[in-house]
Amino acid sequence: PPPKRARTVPSPVVSGMCCARLERIRKWMQRRVEVERNYAGLSVLIGRHGQVAFADSVGFAEKETKTPLTTKSILAFYSNTKPVTAVALLMLYEELASFQLDDPVSRFIPAFKDMRVWQSGDGDEMITVPAKTPITLTHLLTHTAGLVYGGDSGPVERLYAARGFKINGSELPLEEACNRLAELPLSFEPGTAWKYSVGIDVVGRVVEVLSGMHLDEFFRRRIFVPLSMHDTGFSVPSEKAGRMAAMYTKSGDGFELQASSPEHAAAFANDKIKCFSGGGGLLSTVDDFYRFAEMLRRKGELDGTRLLSRKTVEYMTLNHLPGGATLAMMGEPSWLESFTTTGTGHGLGVAVVTGAAENGVVCSAGEFGWGGRASTVFFVDPAEDLVVVQAAQLTPSTAHPIRRELRILTHQ
């Protein structure tokens, strides 16, 4: 079918939004890109009541070649992949009715059966003990499994780094990567804390086991084609490589080129992707990702195609942290792709606002979404019937507080 693309509505009044207030978003984008020069380019798409109220891009997909950024530019959405993987598992949950979300992951990946938990020490001096609680699918979806990302923030993170362990960008197939992961200790007893992690990558492998398909095939056949997300996938076809945006990294108050468009596109060529990362591997466009977010706003359906039931989307976007805890109560301030830790819980693959006042920025209780490390983000506000997708290509995503700023600008 021909691609269905979001377009700017001549009069945002159709969506119940104020034209003058929306113009503030364009001025904010121009300030961030053209005046303060924090980003090479920014794209924003906003919809309300199913109508696109605002869609604009400012700046460049690649500043050095003066290639303009558009809502059709192909970008690395990184951790925005996580909600897509969560939806994939929930589709199978509804369809098969043969497993529960509190099932141990070892039922699907036996290597996770006898996990060990870090107790003390570092490196060769590390002491571990047997885990008392098995990792469940819900633990994986909420980052409470005890898994982490490699880095230098803790002993298990350093062990991941020392072993060179990663899933996004791995040369190993997803099955083998997950089996290697199961050999590493957990950072904490499952269900007792929150740490951003490769947990949803493991969910991607569970999707493969349950569906009998590779993750890229499941995504394409069951999600992207039905939603007309024709420019979304783990790789970029050669005929679309010219639409790939360059990647930048923060340098002082500005940015510097990290990878040009051709280099970036070459890294995502079909023959380069060995491991399908359900936690951070997707490329997409603002137009495409808006369709995914709009499906969630519509409680699982878009243009007559239903991926999930209303009830499952509502369940997905509840706070699933134990005892109604927030990220501030269970987590740490690093590696967060949500908006704030206070007043924010975690659903199945998405952050969820549990308290607007505690969140510290204008928003609504029940608002949910997630972001990626190159400054992409989406959020859905069910109370306002609002969908927002914003994208840039700057790492880290915490370089500038644009997510909080955009929430202020859209909630007026």
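The values are calculated or read from the model by the stated rules, or taken from the named source; none is laboratory data. Remember, predicted model here, so these are calculated numbers, not experimental data. All Cβ positions, even for glycine, are placed from backbone atoms using ideal geometry, and neighbour counts span all protein chains on display. Side chains included, ligands, DNA and RNA excluded: accessible areas come from the protein's heavy atoms. Shrake-Rupley method; radii C 1.70, N 1.55, O 1.52, S 1.80 Å.
The table below gives the values:
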| item | result |
| --- | --- |
| Qualifying residue in region 107-118 (condition: among the β-branched types (Val, Ile, Thr), within 30 Å of Ser211 (Cα to Cα) and under 21 Å from the mean Cα position of the chain (by Cα)) | no |
| Residue check for Ala391: among the small types (Gly, Ala, Ser) and more than 18 Å from Glu294 (Cβ to Cβ) | no |
| Inter-residue pairs, beta-carbon under 9 Å, first of a type in the set (Ser, Thr, Tyr) and in region 100-116, second assigned to a helix (DSSP H, G or I), 6+ apart | Ser106/Phe112 |
| Failed item, numbered, when Thr136 is tested on (1) among the polar types (S, T, N, Q); (2) open to solvent by 40 Å² or more (accessible area, probe 1.4 Å); (3) farther than 19 Å from Val377 by Cβ | (2) |
| Boolean, Pro130 is open to solvent by 20 Å² or more (accessible area, probe 1.4 Å) and without any contact (Cβ under 8 Å) to a residue 24 or more places away in the chain | yes |
| Qualifying positions in region 83-125 - surrounded by 18 or more Cβ atoms within 10 Å (Cβ to Cβ) and among the aromatic types (Phe, Trp, Tyr) | Tyr93, Phe108, Phe112, Trp118 |
| Candidates Val202, Val209, filtered to the one that is among the hydrophobic types (A, V, I, L, M, F, W, C), crowded, with 21+ Cβ neighbours inside 10 Å, in contact (Cβ under 8 Å) with a residue 40 or more places away in the chain and at negative phi | Val202 |
| Residue within region 68-76 that is open to solvent by 10 Å² or more (accessible area, probe 1.4 Å), farther than 30 Å from Ser211 by Cα, in a strand (DSSP E or B) and in contact (Cβ under 8 Å) with a residue 40 or more places away in the chain present | no |
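Let's see how each residue does on (1) modelled with pLDDT of 95 or more; (2) within 24 Å of Tyr196 (Cα to Cα); (3) open to solvent by less than 10 Å² (accessible area, probe 1.4 Å):
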position	(1), (2), (3)
Asp231	yes, no, no
Lys240	yes, no, no
Met244	yes, no, yes
Tyr248	yes, yes, yes
Gly252	no, no, no
Glu256	yes, no, no
Pro262	yes, no, no
Phe268	yes, no, no
Ser277	yes, yes, yes
